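Here's the structure, in structure tokens; my notes come after.
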Amino acid sequence: MGDTPPTLPSVWLQDLTWEEAQSYLDRDRVVLVPIGSTEQHGPAGPLGVDTYVTITLCEDTAQRRDVVCAPPLWYGDSSHHGGFAGTLSLRPDTLIEVVRDVCRSLASHGFDRIVLVNGHKGSNLPALTSAVRVLHEEELPNVIFAVADPLHLARSAAPTIKDVREHHAGELELSHVEHRFPGSIRMDRLEDPAIDFDELFGGFVGDDLFGPAPDGVDIIWSGAEQRRFAPTGSLSSSLGVSADKGQAYHDHCVGRLVELVDWLRSYEGPLGQEEQR
Ligand SMILES: [Zn+2]
């Protein structure tokens with residue numbers, strides 16, 4: 001399917017007037033909600049990497065399908081990066097309540113296909129999923145919620161694009177930001193921290209967020225502990241960062257999000273429209 005011509009002056013809700021927002025709601029009901037973080041991303045990445053990731057995924061998807069995006073949330077669950085200057089964190093309970101209030105507001109205006117687009121990978125996902133599961137069950141049964149993250153959107157593509165294991169401040173996420181925001185990555189500060197996860201975590205914790213992973217468990221570490229075992233803030237090598245890899249990764253994720261928007265427009269949920277409360 002070809003791209004949809006734009007009908008609004010911006011895909012960003014904060015750039016529209018209320019009348020423009022109403023005109024959108026008169027014809028559509030999909031909204032993308034970008035959620036990131038402000039946290040250390042090693043010596044090469046700016047603190048806003050995760051938010052830049054979700055801003056660009058949302059913006060490019062929205063432009064291709066003429067849908068709107070809520071303003072980005074620049075804060076996430078980042079306490080485990082708190083040992084590094086500049087990291088700002090919401091407690092999971094706070095994040096859950098912020099997300100719920102944003103979704104309640106969106107739903108009150110008629111947005112009923114709400115896609116949370118997370119740029120902070122596994123660290124935000126438990127809170128985001130918990131937030132909207134309870135909302136959908138108890139308050140907003142007619143709103144379809146989706147939680148998207150490049151970690152899952154790029155499950156098939158990531159292993160074919162990246163050259164090394166990908167953990168925090170790694171090759172793919174920094175390549176992605178360098179592709180869409182050229183010059184934002186300090187290319188002279190790329191590095192391989194050579195952290196041995198097996199030695200650190202007894203073989204129970206995988207060192208590649210895209211897998212493969214061991215039969216494992218989640219080991220919880222604090223900001224102080226991370227500062228000790230990853231003193232630069234990188235948890236995997238960023239030496240292979242390139243804008244070309246970032247483009248391949250970005251295009252794959254946006255392509256999948258575009259497919260999601262197309263599908264959501266017709267999806268009514270397993271109960272169908274009539275049986276919803
Ligand atoms: Zn990140």
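Derivation of every value follows stated rules applied to the coordinates shown; laboratory data play no part. Here the structure is a predicted model, which means the values were calculated and not measured. Cβ: placed from backbone, ideal geometry, glycine included. Neighbour counts: every protein chain shown.
Below, the figures for the structure above:
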read-out: Relative pair counts by distance (%), Cα atoms of the stretch 171-238, 10 Å bins; value: 18, 44, 30, 9
read-out: Likely footprinting exposure, HIS80, HIS167, HIS109, fewest C-beta neighbours within 10 Å first; value: HIS109, HIS80, HIS167
read-out: Cα long-axis angle, helix 49-65 against the chain (0 to 90 degrees, to the nearest 10); value: 30 degrees
read-out: Size of electric dipole in the stretch 13-275: Cβ of Lys, Arg +1 and of Asp, Glu -1, about Cα centre, debye, nearest 20; value: 320 debye
read-out: Three-way shape call for the stretch 181-277 based on the alpha-carbon gyration tensor, with the a/c threshold at 1.5; value: oblate
read-out: Mean separation of Cα contacts under 8 Å (6+ apart) over length of the chain, as relative contact order %; value: 22 percent
read-out: Mean separation of Cα contacts under 8 Å, 6 or more apart, over the residue count of the stretch 34-170: relative contact order %; value: 25 percent
read-out: Contour minus Cα-Cα distance for ARG91 and VAL134 (0.36 nm per residue); value: 13.7 nm
read-out: Ranked by how many other beta carbons lie within 10 Å on average, peptides 43-52, 14-23, 223-232 from highest; value: 43-52, 223-232, 14-23
read-out: Overall Cα dimensions of the chain, principal axis frame, Å, largest first; value: 55, 37, 32
read-out: Angle in degrees between helix 125-138 and the longest Cα principal axis of the chain, rounded to the nearest 10; value: 30 degrees
read-out: Mean-position separation - Cα centroids, the stretch 1-23 and the stretch 167-236, in angstrom; value: 37 Å
